[in-house]
Amino acid sequence: MALILIVPGLAVRHYAAPAAAALRARGHDAHLLPAPTWHGVPVQLDHYGRLLGAEIDDGARDVDLLVGLSVGTQAAAAAAGAGRRIRRLLLISPTVAPELRTPTRLAAAWLLRKQKGDPELSQNLPDWAHSGIPRIVRGLVSATRTPIEASLRGFDGPLTIAHPEWDTLGGERYARSLGGRFVQIPRQAHSWPVNDSEAFARFVEGLITTEEVPS
């Protein structure tokens with residue numbers, strides 16, 4: 001039974017609950033962590049990550065796989081770079097592409113994107129209430145100032161970058177630049193695995209059990 005931790009996207013968590021449940025159904029000890037910017041966790045993504053890395057180091061078990069989704073990839077990378085007990089790292093839809101690293105550009109890309117398969121923004125309102133607009137804005141600013149490539153310098157374990165084909169917040173060129181094993185997820189949007197939690201679970205299980213990406 002693998003220990004898997006999932007860092008969800010900015011201010012949103014419930015969209016990823018089916019993905020975590022699919023992993024638990026396969027017998028894994030999977031936990032969906034609080035969303036970045038929620039009350040009770042740091043707003044700054046690097047701070048969130050360092051705190052998570054320290055908590056993992058102080059825990060009873062190594063983490064077999066740390067997964068970051070969207071902006072959660074930035075916090076997950078910071079955790080992997082700071083901690084010593086994260087065995088593997090999976091970043092799905094890593095953010096933020098260099099050309100979007102201003103608060104105005106990132107906010108526009110985030111709010112105005114409309115991709116097949118992504119949740120409607122209105123579906124996120126209950127989750128956003130756990131943060132409030134000021135914390136969400138501070139989180140967006142942090143996302144422009146927390147480059148994954150800097151955090152990854154402290155991590156030397158297996159790294160997988162999963163880039164959904166239709167993702168525009170990260171982009172393929174940026175995803176490939178992060179190194180590790182690059183995998184393109186065909187015909188999926190930024191918020192994969194919202195649409196296909198079973199495919200996500202198979203993908204994750206393949207990384208853990210064979211170190212190979214399943215077809």
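So with the 1.4 Å probe, I'd like the accessible area per residue for the chain, rounded to whole Å². Walk me through the intermediate numbers first.
Numbers: 9470 Å² over 215 residues.
Averaged over the residues of the chain, the accessible area is 44 Å².
So, with +1 on the Cβ of K and R and -1 on the Cβ of D and E, and no other charges, what is the size of the charge dipole of the stretch 3-208 about its Cα centre, to the nearest 20 debye?
300 debye
List the longest stretch of the chain that has no exposed loop site; here a site is one of the GluC sites (Glu not before Pro) assigned by DSSP to anything other than H, G, I, E or B, with at most 11 other Cβ within 10 Å.
Working: sites that count: Glu120, Glu211, Glu212.
Result, exposed sites excluded: 1-119.
By how many nm would the segment from Glu99 to His47 lengthen if fully extended, with 0.36 nm per residue of separation less the alpha-carbon distance? Working shown, then result.
Details: separation 52, 0.36 × 52 = 18.72 nm, distance 2.35 nm.
Between Glu99 and His47, full extension yields 16.4 nm more.
Each residue of the stretch 170-187 in turn: what ³J(HN,Hα) in whole Hz from Karplus with 6.51, -1.76, 1.60 and θ = phi - 60°, glycine and Pro shown as x?
So the Karplus estimates, Gly and Pro as x, are x, x, 5, 4, 5, 4, 5, 5, 7, x, x, 8, 9, 10, 8, 9, x, 6 Hz.
On a full-extension model of 0.36 nm per residue, what is the gain between His31 and His14, subtracting their alpha-carbon distance, rounded to one decimal in nm? Could you put the intermediate results ahead of the total?
Working: separation 17, 0.36 × 17 = 6.12 nm, distance 1.23 nm.
Taking 0.36 nm per residue and subtracting the Cα distance, the gain is 4.9 nm.
Using a simple spin-label model with points 7 Å from Cα along the Cα→Cβ vector, what separation in nm is obtained for Arg187 and Arg202?
For Arg187 paired with Arg202, the spin-label model returns 1.3 nm.
Which percent of the accessible heavy-atom area of the chain goes to carbon and sulfur, probe 1.4 angstrom? Intermediate results must be reported in sequence, preceding the final value.
Values: 5030 of 9470 Å².
Heavy-atom surface of the chain belonging to carbon and sulfur, 1.4 Å probe: 53 percent.
First measure r as the distance between the Cβ atoms of Thr209 and Thr168, then evaluate 1/(1 + (r/R0)^6) with R0 = 41 Å and state the FRET efficiency to the nearest 0.05.
Working: r = 32 Å, r/R0 = 0.78.
The calculated FRET efficiency here is 0.80.
Which shape class, rounded, prolate or oblate, goes with the stretch 3-208 when its Cα gyration tensor gives a ≥ b ≥ c as root eigenvalues, a/c under 1.5 marks rounded, and past that a/b bigger than b/c marks prolate? Write down the numbers at each step before the final one.
Numbers: a/c = 1.25, a/b = 1.15, b/c = 1.08.
Cα axes put the stretch 3-208 in the rounded bin.
Order the following by accessible area, largest value first: Val194, Val41, Val204. Probe radius 1.4 Å; ligands, DNA and RNA are ignored. It would help to have the intermediate numbers written out before the result.
Working: Val194 50, Val41 25, Val204 0 Å².
From most accessible down to least: Val194, Val41, Val204.
Taking 0.36 nm per residue of separation and subtracting the Cα-Cα distance, what length does fully extending Asp62 through Arg138 add? Let's see the in-between values first.
On the way: separation 76, 0.36 × 76 = 27.36 nm, distance 3.12 nm.
In short, 24.2 nm is gained.
Name the residues of the stretch 87-106 whose amide N is less than 18 Å from a point 7 angstrom out from the Cα of Asp156 along the C-beta direction?
87-89, by backbone N distance to the label point.
The values are calculated or read from the model by the stated rules, or taken from the named source; none is laboratory data. Note that the coordinates shown come from a computational prediction; the quantities given were computed from them, not determined experimentally. For neighbour counting, all protein chains shown are included, and Cβ atoms are generated from backbone atoms with ideal geometry for every residue, glycine included. Protein only, heavy atoms only, side chains kept; ligands, DNA and RNA dropped before computing areas. Shrake-Rupley method; radii C 1.70, N 1.55, O 1.52, S 1.80 Å.
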